[in-house]
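J.: This is the structure I want to talk about, given as structure tokens.
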Amino acid sequence: MKRTTYAGLIDESYLGQSVTLAGWVQKRRNFGDLIFIDLRDREGIVQLTFNATNAESLKVADEMRNEYVVSITGEVVKRKESQINDKIKSGTVEIDVVSAKILSQSKTPPFYIEDDVNANEELKLQYRYLDLRRPEMQKNLRIRSKIMSSASHFMDNNDFINIETPILAKSTPEGARDYLVPSRIFPGSFYALPQSPQLFKQLLMGAGFDRYFQIARAFRDEDLRGDRQPEFTQMDVEMSFMSADEIRALVNEWVKAMMKDVVAFDLDTKKIPTLTWQESMDRFGTDKPDLRIAYEIHDLSDLMKQSEFGVFSKAVQDGGVVKAIAIPGGAAHYSRKDIDKLAQYIERFGAKGLAWLKVTEEGVSGPIAKFFPEPSQLVKAAGAHVGDLLLFGAGRNDVVSATLDYLRRQTAQALNLVDQTNPWAFAWIVDWPLFEYSEDFDRWIAAHHPFTMPNEEDLHYLDEGEDPHQAHAQSYDLVLNGYELGSGSIRIHSMAIQEKMLKALGFTPEKAHEAFGFLLEGMSYGFPPMGGIALGLDRLAMLLAGQENIREVIAFPKNSRATEPMTEAPTRVDGKQLNDLGLFVPESD
């Protein structure tokens, strides 16, 4: 057997040629002395025709069933006009089979191997090797491959050096929980799987490599969601002697090249907006805004200080805010029952209710309309028009922001208000706070990571007696369609500043050197100014493939419980392995 081409590539250019193909039986139609087989491989489908002229091959075809692996040789001929299928590349031709062979048989699959299959996700993950046969999954993983190929090509052309960093490393307190790996040689000691190559790439800059690139695996033991996995892949870069503006300009060109190579989109990098973190939070309630949605959040706090509606006036008097979004055409679309459903959902953000008004020719209507007998000023301040639905948030600024961000995205999807003429809405978010308060850890943590350089004018906030939480960072995130695509910053290259930063995070000098001593020691030998960024390969592939979950672009992902149904990982191990590692694990109930 010597395959001459892929089944899915056969078209009229092959007419009259003898070809040898191999693949899977997608569909079989038996008419006695005439059998049609749809043969599938990674490139698509071609129709095979078996007839009595070639009795031996017809006999083999009679034994074929769905998902059998077969090889055939035959002549490419034109289909009858009535049988043309313009939905596939090979739709105008078929293969008149001369010889055929069954290479392996298949049991009946637990679900059909086709797109939009109605099968439970857990079942598809259990039989992932079958799910991956579906054309959509084949397309998704090829998009992922194209991204990696394009990225590597761009980095090669821009003098980056591809360097691998360790997978078994030291556990360092960088934010999320580590995955730990026990050492057999040193009982009681553990490696940690890297949350990112951050410290190593800074050391590589200190070693003088100047430009580093790696498609790196990273691991974080955190709760999962649609765009998060416990193990993920990032396209990681670091550069010496470059400013934040220069790094962002280079990343723009990098993203432009990938968009061109992967989805044939000509990205105009001059049109990528740059927003400060504060501006993004004020206008959209999030640091990863979807700029394809035209309507924004409006702050009505000053207007509501003396409002007759006590919920609004009290919120402002207590130090909170009152904000709103005006949803175009929302008045007709949303019934009171629909709005009540939204109100129930936003309770998860800490919201205690959802006030609303519909803008009419006469003014406003709704449960709180009586408190606004002269609503023109309110309607104008909220950027609303007749037919719009006004949704309000009142209370703590963070709760209001999270609530209105969700409502903005949800209503835009429901009313088809996401601008389809702007399929790829990139944006840079800059000037981040250096620190943020973590409810999970009940303390201040680094907004990006502990090695982020503060703005030059904010360095004094790290001094004794100053408030470090007022400092902003030389950080920058690249956002695409409401997702954080990449996060980066200028790094601290001075040991004195790094020690101040760690002190602000609560590290004593002893604890700082225990956790990061190798980095601090390296800085004492002359580190260059440096910066970098990591773009999420999984998220970019998800977006370019038009998917809503990164599991659809990862070959063997974990499910929402961080388990892998196909191999059943994680599993318990036998006692000898635990004894070798000096570990004791109690029996589960």
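J.: So which residues in region 559-572 are surrounded by 12 or more Cβ atoms within 10 Å (Cβ to Cβ) and hydrophobic (A, V, I, L, M, F, W, C)?
T.: 562, 566
J.: Could you figure out which of (1) open to solvent by less than 60 Å² (accessible area, probe 1.4 Å); (2) charged (D, E, K, R); (3) without any contact (Cβ under 8 Å) to a residue 60 or more places away in the chain isn't true of residue 80?
T.: (1)
Every residue, every condition in (1) assigned to a loop (DSSP other than H, G, I, E, B); (2) among the aliphatic types (A, V, I, L, M); (3) surrounded by fewer than 19 Cβ atoms within 10 Å (Cβ to Cβ), yes or no:
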site	(1), (2), (3)
3	yes, no, yes
26	no, no, no
29	no, no, yes
32	yes, no, yes
37	no, yes, no
40	no, no, no
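J.: Before we move on, is residue 326 open to solvent by less than 50 Å² (accessible area, probe 1.4 Å) and part of a loop (DSSP other than H, G, I, E, B)?
T.: No; evaluated as a whole, the condition is false for this residue.
J.: Sticking with this one: Does any residue of region 298-306 turn out to be of a type outside the set (Ser, Thr, Tyr), modelled with pLDDT of 95 or more, open to solvent by less than 30 Å² (accessible area, probe 1.4 Å) and touching a Lys or Arg at 6+ places or on another chain (Cβ under 8 Å)?
T.: yes
J.: For a quick check of your reading: which strands (runs of 3 or more DSSP E) sit entirely within region 380-445 and have at least 2 residues that are open to solvent by less than 10 Å² (accessible area, probe 1.4 Å) and modelled with pLDDT of 95 or more?
T.: Filter on region 380-445 gives 389-395, 426-430.
J.: Report those strands (runs of 3 or more DSSP E) wholly inside region 189-284 carrying at least 1 residues which are under 18 Å from residue 148 (Cα atoms) and open to solvent by 40 Å² or more (accessible area, probe 1.4 Å).
T.: The qualifying strands (runs of 3 or more DSSP E) are 211-219, 231-240.
J.: Condition test on residue 556, is it open to solvent by 10 Å² or more (accessible area, probe 1.4 Å) and part of a loop (DSSP other than H, G, I, E, B)?
T.: The answer is yes for residue 556.
J.: Return the residues of region 522-533 that are open to solvent by 20 Å² or more (accessible area, probe 1.4 Å) and either among the polar types (S, T, N, Q) or within 21 Å of residue 254 (Cα to Cα) (or both); say none if nothing qualifies.
T.: Scanning region 522-533 gives a single hit, 524.
J.: Under the condition of being among the β-branched types (Val, Ile, Thr) and not in a helix (DSSP H, G or I), which residue from region 56-79 is nearest to residue 106 (Cα to Cα)?
T.: Restricting to residues being among the β-branched types (Val, Ile, Thr) and not in a helix (DSSP H, G or I), the top hit is 69.
J.: Give region 535-553 a look and list any residue that's open to solvent by 40 Å² or more (accessible area, probe 1.4 Å) and not in a loop (DSSP other than H, G, I, E, B), or say none.
T.: If the condition is that a residue be open to solvent by 40 Å² or more (accessible area, probe 1.4 Å) and not in a loop (DSSP other than H, G, I, E, B), then 539 is the only one that fits.
J.: Go through the residues of region 245-258 one by one and say whether even a single one is among the small types (Gly, Ala, Ser) and under 27 Å from residue 487 (Cβ atoms).
T.: Yes - at least one qualifying residue is present in region 245-258.
J.: Of the conditions (1) of a type outside the set (D, E, K, R); (2) buried (at least 21 other Cβ atoms within 10 Å of the Cβ); (3) touching a Ser or Thr at 6+ places or on another chain (Cβ under 8 Å), residue 519 satisfies every one except a single condition; which number is it?
T.: Condition (3) is where residue 519 drops out.
J.: What pairs come up if the first residue lies in region 251-275 and is free of Cβ contacts under 8 Å to residues at least 24 places away in the same chain, the second is acidic (Asp, Glu) and part of a helix (DSSP H, G or I), and their beta carbons are under 7 Å apart, counting only those six or more places apart or on different chains?
T.: Between residues of region 251-275 that are free of Cβ contacts under 8 Å to residues at least 24 places away in the same chain and residues that are acidic (Asp, Glu) and part of a helix (DSSP H, G or I), the close pairs are 269/253.
J.: Is it fair to say residue 13 is under 41 Å from the mean Cα position of the chain (by Cα), more than 25 Å from residue 130 (Cβ to Cβ), free of Cβ contacts under 8 Å to residues at least 12 places away in the same chain and surrounded by fewer than 16 Cβ atoms within 10 Å (Cβ to Cβ)?
T.: When the stated conditions are applied, residue 13 passes them.
J.: Among the residues of region 446-487 satisfying the criterion of being over 23 Å from residue 275 (Cβ atoms) and of a type in the set (Asp, Glu), which is surrounded by the most Cβ atoms within 10 Å (Cβ to Cβ)?
T.: 466
The values are calculated or read from the model by the stated rules, or taken from the named source; none is laboratory data. Just so it is clear, the model here is predicted, and its values are computed rather than measured. Cβ sites come from the backbone with ideal geometry, for glycine too, and all protein chains shown count toward neighbours. Just so you know, the surface numbers come from the protein's heavy atoms only, side chains and all, with ligands and any DNA or RNA stripped out. Shrake-Rupley method; radii C 1.70, N 1.55, O 1.52, S 1.80 Å.
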